[in-house]
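All remarks here apply to the structure that follows.
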């Protein structure tokens, strides 16, 4: 532990954040004043998301700092993706047991690697003493006609999901079981990919969208409640990675896919007439999408397997349970 | 402990935040989607500040939840005030050991009381399990010509401060000493007043500004470093409350005023030609201001008492010391 002071840490973070702030050209004042001052684009809505990761709750305590940095930004960019927004700026509030400059440098390696991919400038924040906790707030923009809301699902819509499901929960399951964790699964847990390009491509095309953070059944449930509709889900149609297929039998795998959290894929609904357009948009965004169900009038989310109701003993992850 | 679930807590917070979001008229989507969607004013810069309060670090663990709620928003609005910005929206990330609905209600009593005073809408956030910690991000607006920056102090400027100094540090000192804490001092520690109206009134009039959170000497030092200037401070001119005068002798009081943190007054610099205008602006904003020194060429902050250098054994508060 090097015991760097608060101002040293801020100076360090500021130096590493300067290049992107400069490159974006819309950061009037970044890190180093009482607040950031930012130039706004004309004709767009501001989209703001905030999410905190606590050690031992949102990531295993032994997670390396670079992965914590990546994930803290990724889960927030995933929220922007689920709104159809393009990311712009982030703030970072870091609570640390000690002023450990090497830890902060490694954390920034992960955080800024992802920030650079999406041209996100780190424009402010604070560092405080406390149990390890990372609070990130992200800002982005979306045109009014491209907002993807939770309450916009319509009866008759297809339900879609991007990528594959269950990998992150599979890694957690292996880790909790004391087994070795498959590298490919662990990567999905530690370094989720926010589906920003897909979210942008779906704007104006999809109806409702949400990112899969609590688990597919739970998150699709949020969409249904907000939209005052129900959904039928084909459990056999849920996409799985090769790594997940190899590591778990069919029943365990389906439970992880349907109820495991932390995937950060996009679940969205759209008119059947848009199927070709959706597939084309996803291809353009560089990610696979799968049709996994439909929106129905009857409230609730029903999971089906071979035409029969399917249940799992697991529920979507919620805090305080 | 009532063990409310995460979604119950969010529903609760959402219900109480809805009125102001509605009243403002610029909240397209508030709490309840993946992110907030907000309508931007034309011709303004966005100002963003974020600050975290951790139990036992930023407030005594026995602080009542309503005061924690007030303070968590106040320290952030204070940052907007120091930029000359008018507040608009806030997000709240709450880490709690248990899902205690009564605690959250009491917390919101304080948070929303202050939010209402400044027409701030709570538009998003999250609740997570973890050691008690509150991360707030606030958003406001400022016209380009009214930004109060730290790096804008000029040689020859007067140095001013609003209100009185040392009360919050006096309360902490009494509390640490195991004495009873004076009610008036405790109120300044638990419910600081962000000087939002003063910050707005100083835009275009003052040069540099900062809010006094680490302690006057430390914060004025930040202004001097950013502006590449120095300052001379008249310690005898620092404003003190009656309560502080009664509770501490002159030497202890001056140390609290010069180096104690958590006052959330504004320290700012302006041309001597603006003295009458500054006093008039402060009267309009309903707060006293005092001239306490001047900006000089020689780097560093020199505190003077009776024309002689004055030193204190205390330094401004920094984390990780």
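Return the residues of region B:222-245 that are in contact with a strand residue (DSSP E or B) (Cβ under 8 Å, 6 or more places away or on another chain) and without any contact (Cβ under 8 Å) to a residue 60 or more places away in the chain; say none if nothing qualifies.
B:237
Report, by residue number, each residue of region B:21-41 that is more than 8 Å from chain A (Cβ to nearest Cβ) and surrounded by fewer than 21 Cβ atoms within 10 Å (Cβ to Cβ). Listed by number, the residues that qualify are B:22, B:23, B:24, B:25, B:26, B:41. Among the candidates A:125, A:140, the residue that is over 25 Å from residue A:188 (Cα atoms), surrounded by 24 or more Cβ atoms within 10 Å (Cβ to Cβ) and in contact (Cβ under 8 Å) with a residue 60 or more places away in the chain is uniquely A:125. Residues in region B:42-54 that are facing chain A (nearest Cβ under 7 Å) and surrounded by fewer than 24 Cβ atoms within 10 Å (Cβ to Cβ) were compared, and the one that is farthest from residue A:128 (Cα to Cα) is B:45.
Of the listed requirements (1) within 30 Å of residue A:5 (Cβ to Cβ); (2) at pLDDT below 95; (3) away from chain A (no Cβ under 14 Å), residue B:229 misses just one: (2).
Taking the listed residues A:253, A:283, the one that is in a helix (DSSP H, G or I), free of Cβ contacts under 8 Å to residues at least 60 places away in the same chain and more than 19 Å from residue A:156 (Cα to Cα) is A:283, with no other qualifying. Every condition in (1) surrounded by fewer than 21 Cβ atoms within 10 Å (Cβ to Cβ); (2) more than 7 Å from every other protein chain (Cβ to nearest Cβ); (3) within 21 Å of the chain's Cα centre (by Cα) is met by residue A:57 except one, and the failing one is (2).
A quick yes/no check of all residues on (1) touching a helix residue (DSSP H, G or I) at 6+ places or on another chain (Cβ under 7 Å); (2) modelled with pLDDT of 95 or more:
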| site | (1), (2) |
| --- | --- |
| A:209 | yes, yes |
| A:212 | yes, yes |
| A:221 | no, yes |
| A:224 | no, yes |
| A:234 | no, yes |
| A:240 | yes, yes |
| A:246 | no, yes |
| A:251 | no, no |
| A:258 | yes, yes |
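Report yes if some residue within region B:152-173 is touching a residue at least 40 places away in the same chain (Cβ under 8 Å) and within 14 Å of chain A (Cβ to nearest Cβ); otherwise report no. Looking through region B:152-173, at least one residue is touching a residue at least 40 places away in the same chain (Cβ under 8 Å) and within 14 Å of chain A (Cβ to nearest Cβ). Comparison of A:102, A:82, A:72, A:88 shows that the only residue that is within 14 Å of chain B (Cβ to nearest Cβ) and surrounded by fewer than 24 Cβ atoms within 10 Å (Cβ to Cβ) is A:102. Counting only residues that are in contact with a strand residue (DSSP E or B) (Cβ under 6 Å, 6 or more places away or on another chain) and part of a helix (DSSP H, G or I), region A:205-221 holds 4 of them.
Yes or no, residue by residue, for (1) under 30 Å from residue B:212 (Cβ atoms); (2) modelled with pLDDT of 95 or more:
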| position | (1), (2) |
| --- | --- |
| A:12 | yes, no |
| A:27 | yes, yes |
| A:35 | yes, yes |
| A:47 | no, yes |
| A:66 | no, yes |
| A:79 | no, yes |
| A:85 | no, yes |
| A:89 | yes, yes |
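The condition (being under 30 Å from residue A:28 (Cβ atoms), in contact (Cβ under 8 Å) with a residue 12 or more places away in the chain and buried (at least 24 other Cβ atoms within 10 Å of the Cβ)) is satisfied by just one residue among B:198, B:205, B:185: B:198.
The values are calculated or read from the model by the stated rules, or taken from the named source; none is laboratory data. No experiment lies behind these values; they were computed from the predicted model shown. Here the Cβ is made from the backbone with ideal geometry for all residues, glycine too, and neighbour counts use every protein chain on show.
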